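Working notes, beginning with the structure itself.
The values are calculated or read from the model by the stated rules, or taken from the named source; none is laboratory data. Every value quoted in this text rests on a predicted model; they were computed, and no experiment measured them. Cβ placement follows ideal geometry from the backbone for every residue including glycine, while neighbour counts extend to all protein chains displayed.
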Amino acid sequence: MFDTLSDRLTSVLQNLRGRGRLSEADIDATAREIRIALLEADVALPVVRTFIAQIKERAKGAEVSGALNPAQQVVKIVNEELVAILGGETRRLSLAKNPPTVIMLAGLQGSGKTTLAGKLARWLVGQGHTPLLVACDLQRPNAVNQLQVVGERAGVPTYAPEPGNGVGDPVDVARRSIDEARRAQHDVVIVDTAGRLGVDEEMMRQAADIREAVQPDEVLFVVDAMIGQDAVNTAEAFRDGVGFTGVVLTKLDGDARGGAALSVREVTGQPIMFASNGEKLEDFDAFHPDRMASRILGMGDVLTLIEQAEQAFDKDQAEAAAAKIGTGELTLEDFLEQMLAVRKMGPIANLLGMLPGAGQMKDQLAQVDDSHLDRLQAIIRGMTPAERNDPKIINASRRQRIAKGSGVAIREVNDLVNRFYEARKMMQQMAGRFGFPGGARGGS
Ligand code: GDP
């Protein structure tokens, strides 16, 4: 995601390191390099101009601060300006006072609308909502069915016209879906609308009619980050033809540049609210301008990681495990539970990619695969509860059985058992040092 831009900006800013003072000429040169980086990343020209002008002005006028050296000050300014073009504050969904909240999706065909409907539904369920998907794309053959399939995967029902009743009128379907939501107590309605390969009047009119009929609380414009500069033109066409209250960027996994998408907020004045970065339902998250900016600047995205961790881990369970780490009582059972929680957060390479400095280890990250963890899980699952509590008791023949049952070599079972005791000892020592509950220096 934004890899090229991230690489370039990081190296421009790194060149400033260790400088005592920055002359005007230094600032101009840096601004020039940032400009090239943004243009190469496909950021729209007017956006680049504003951005560079801001950076120059602020860097030149930067008050000498005791806390930051000149290079750090430039990094801080670039970061703040990046946050600003990305929209500043995180914009959350605005929910209706009287449910259901109606969210309408608009965008070109292939932009990822239907997939997004499923992702958004699943995300809302995670937030305690009870969404209903509504199929108003009645033009593309199979679109209704596709929405039903994503809905099923997300565990959310889909409202669609009865098959066999002709094509149906999307405006009518949208209207009736609100009654259905009230009846069945869905507090959010997500209306998927028809898209075309290019912007066309009829599609715009239909979307505008649906908007008029159901008065959505949010109209989300879904845009494929891979379409380059066209993203900006399409956004402008939708703004004028239908109007929208927020933007969803999709396929951020596919484009190394993605700068056009970054321009959408500045050009249309509407905030980016969500980002999609893969075909699976969980490849999706709320968009946080500050976090995206630090990710682009190679500062990692520790906040996202923390939030995902909070969702994945059961607090009591995690605390209990932490206490056991301190007292050296951690068992393989606990280890398995924690590992399952970590894995709920997504592929390990993605998690590592959010850490600061991850930009520089892309090649290594590409090689991280989760099959090793699958094997560890299989081995632990093959053990009895008593064995998980104290793997020392596993004798040679049981080791052979476990290896066979989990499809691994005996060596791997031995490794796990041996390393478990070493790791437990090490964790206990560390826990003491960092004051974990129950740790050697942590009381209890
Ligand atoms: P719609 O025509 O706007 O409803 O678009 P779809 O939801 O059918 O998506 C079009 C294609 O893009 C499908 O093959 C999706 O699997 C794929 N897609 C959607 N979102 C993403 C994403 O974030 N990343 C990637 N790589 N593919 C996506």
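List of remarks:
- Going through (1) modelled with pLDDT under 90; (2) surrounded by 14 or more Cβ atoms within 10 Å (Cβ to Cβ); (3) of a type outside the set (Gly, Ala, Ser) one by one, PRO163 falls short only on (2).
Per-residue answers, yes or no, for (1) of a type in the set (A, V, I, L, M, F, W, C); (2) modelled with pLDDT under 95; (3) closer than 20 Å to VAL173 by Cα; (4) surrounded by fewer than 23 Cβ atoms within 10 Å (Cβ to Cβ):
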| position | (1), (2), (3), (4) |
| --- | --- |
| THR101 | no, no, yes, yes |
| LEU124 | yes, no, no, yes |
| LEU132 | yes, no, yes, no |
| ARG140 | no, yes, yes, yes |
| VAL144 | yes, yes, yes, yes |
| ARG153 | no, no, no, yes |
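- Counted residues, the range 15-36 - those being at pLDDT 90 or above, within 31 Å of the chain's Cα centre (by Cα) and aliphatic (A, V, I, L, M): 3
- Those helices (runs of 4 or more DSSP H) of the range 66-182 in which at least 3 residues are under 26 Å from the mean Cα position of the chain (by Cα) and more than 16 Å from the ligand (Cβ to nearest atom), considering only elements entirely within it, cover 70-85, 113-126.
- Residue in the range 64-82 that is charged (D, E, K, R), over 18 Å from ALA260 (Cα atoms) and out of contact with any strand residue (DSSP E or B) (no Cβ under 8 Å at 6 or more places or on another chain) present: yes
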